[in-house]
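Read-outs: derived from the displayed coordinates by stated rules, not from any lab. Since the model is a prediction, treat every value here as computed from it, not as a measurement. Here Cβ is always computed from backbone atoms with ideal geometry, including for glycine, and neighbour counts include all displayed protein chains.
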Amino acid sequence: MDYTPDPTHEDIRKAVEQLCRRFPDEYWMKHDDSHEFPWEFYNAVAEGGWLGLTVPEEYGGGGLGVTEAAVVERAISASGAGMGGCSAVHIGIFGFEPIIGHGSEEMKRKYLPRVVTGDLHTSFAVTEPDAGTDTTNISTFATKVDGGWRVSGKKVWITKAQEAEKMLLLCRTSPREEGAKRTAGMTLLFADVDRDHVQIREIPKMGRNAVDTNELFIDDLFVADDDVVGEVGHGFRTILGGLNAERVISANAALGIGEAALRRGVRYANEREVFGRPIGQNQGIAFQLAEARIKLDAAQAVLDKAAWMVDQGLPCGREANAAKYLCAEAGFFAADAALQVHGGFGFGKEFHVERYFREARLMRIAPISQEMVLNYTAEHVLGLPRNY
Ligand SMILES: Cc1cc2nc3c(=O)[nH]c(=O)nc-3n(C[C@H](O)[C@H](O)[C@H](O)COP(=O)(O)OP(=O)(O)OC[C@H]3O[C@@H](n4cnc5c(N)ncnc54)[C@H](O)[C@@H]3O)c2cc1C
């Protein structure tokens, strides 16, 4: 087993850390409060060449793998940018996997170079109010017409729809009851977010407010045949291939928030004096921070293995799901500990740990809930009966 740090990964991490130093915690606090999209940060990431990192070189991208994308998102998150920073750029860094893997050559040539420059803003529109985690139960329906499809339905929790020009839209093209399997009959479309046919309503939420999340009301939206990603009726399979990588990258964002929180917790525990000594001298404080360190390190070990397996093309549902679970728990534990260590000042905004806490909490819900990870593990790893 060779644990020597990879020099390329170290270079990537240092370069991203340097970029992020231009966007301190105060920047993220301001955008979290104002709900303004962090354009300066987004543009800096694009100019730095980090968008399109996983886009193949022939389309102008970096041609790198999930491990490198994960290093970038972890560094962004750990800078204090947290989920606000990661969500602003996530789709540009990794979200085009369905098009890279399943899109037509024409689609790739048309769109991927625009991902790399940062000019193309896209949402990923899967979740629906009446289906939730039960994705096969979606009801947004695309009806075949001459030259394309007409789509109507509702989506919820769709990130960055306010800025998006396009969306990867999962629809039913035949009813669930008609398919041999419940996953059959869904199709992935690369649809225009045409405001004449898509009403977008922002959802007020607990955190990660630098980036919007929305309800979409889709009414008779036309999508051309050329904008079908992969095969008609096989949309579930088209998105499935990228899910382990998605878990790994989001786990890195969760881990990064934990690192940011722990850094602040340790600093405060060394500086704050109560009863005539630094609070970090009390085991009640020191142990919380030490435990956070151990949990983050353990989660990272599983995470790095999962990222490596994704890039090797090895089956890794077990590892990717475990990594997502462990990183979300470790990130939240660290954020909670940092808040506790700051006492009343943790509850206030000045030290930023309350923002980390709110964002770390999200990672236990999205992009997949901890319960669904446990369901996966119970069924596919332990061989227990399926419950969903
Ligand atoms: C800030 C934010 C951004 C998001 N961005 C996007 C996006 O860009 N695109 C997108 O498509 N989606 C997005 N989502 C949606 C996210 O992926 C879902 O919220 C998440 O997958 C859970 O779905 P749900 O909220 O409908 O929960 P539900 O499915 O209603 O579940 C509610 C609770 O019940 C639990 N539960 C349900 N079934 C079972 C079961 N069988 N066993 C055990 N527990 C169960 C769940 O784990 C959860 O805790 C986002 C969500 C948030 C909060």
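Here are the numbers:
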quantity: Cα-based helix-to-principal-axis angle, 317-341 vs the chain, degrees rounded to 10; calculated: 40 degrees
quantity: Computed Rg/Rh of the stretch 318-387, alpha carbon atoms with Kirkwood Rh; calculated: 1.15
quantity: Local electrostatic count at TRP50 - Lys and Arg +1, Asp and Glu -1, tallied over other residues with Cβ under 11 Å; calculated: -3
quantity: Whole-number D in µm²/s for the stretch 220-294 (Stokes-Einstein; Kirkwood sum over Cα pairs; 25 °C, 0.890 mPa s); calculated: 148 µm²/s
quantity: Cα Rg, Dmax (largest Cα-Cα span) when computed across the stretch 7-117, Å; calculated: 14.1, 43
quantity: Euclidean distance of C-alpha centroids, the stretch 200-237 and the stretch 282-324, integer Å; calculated: 31 Å
quantity: FRET efficiency, GLU36 to ASP194 (Cβ-Cβ, R0 25 Å, nearest 0.05); calculated: 0.55
quantity: Convex hull volume per residue for the stretch 242-381, taking Cα atoms only, in Å³; calculated: 96 Å³
quantity: Residue order, fewest to most surrounding Cβ atoms within 10 angstrom, among ILE100, ILE203, ILE249; calculated: ILE203, ILE100, ILE249
quantity: Around TRP308: net Lys/Arg minus Asp/Glu count, Cβ-Cβ under 15 Å; calculated: -2
quantity: 4 °C / 1.567 mPa s Stokes-Einstein diffusion coefficient of the stretch 122-233, Kirkwood radius on C-alpha pairs, µm²/s; calculated: 92 µm²/s
quantity: Fewest-first ranking of CYS316, CYS171, using other Cβ atoms within 10 Å as the exposure measure; calculated: CYS316, CYS171
quantity: Two-site FRET efficiency, ALA298 against ARG201, from Cβ-Cβ distance with R₀ of 45 Å, rounded to 0.05; calculated: 0.65
quantity: Separation in nanometres of the label points that stand 7 Å from Cα toward Cβ, at GLU105 and ARG386; calculated: 3.8 nm
quantity: Three-way shape call for the stretch 103-179 based on the alpha-carbon gyration tensor, with the a/c threshold at 1.5; calculated: oblate
quantity: Pairs of alpha carbons in the stretch 171-223 whose separation is greater than 13 Å (percent); calculated: 69 percent
quantity: Cα convex hull of the stretch 170-309 - mean projected area over all directions, nm²; calculated: 13.5 nm²
quantity: Relative pair counts by distance (%), Cα atoms of the chain, 10 Å bins; calculated: 5, 23, 33, 25, 11, 3, 1, 0
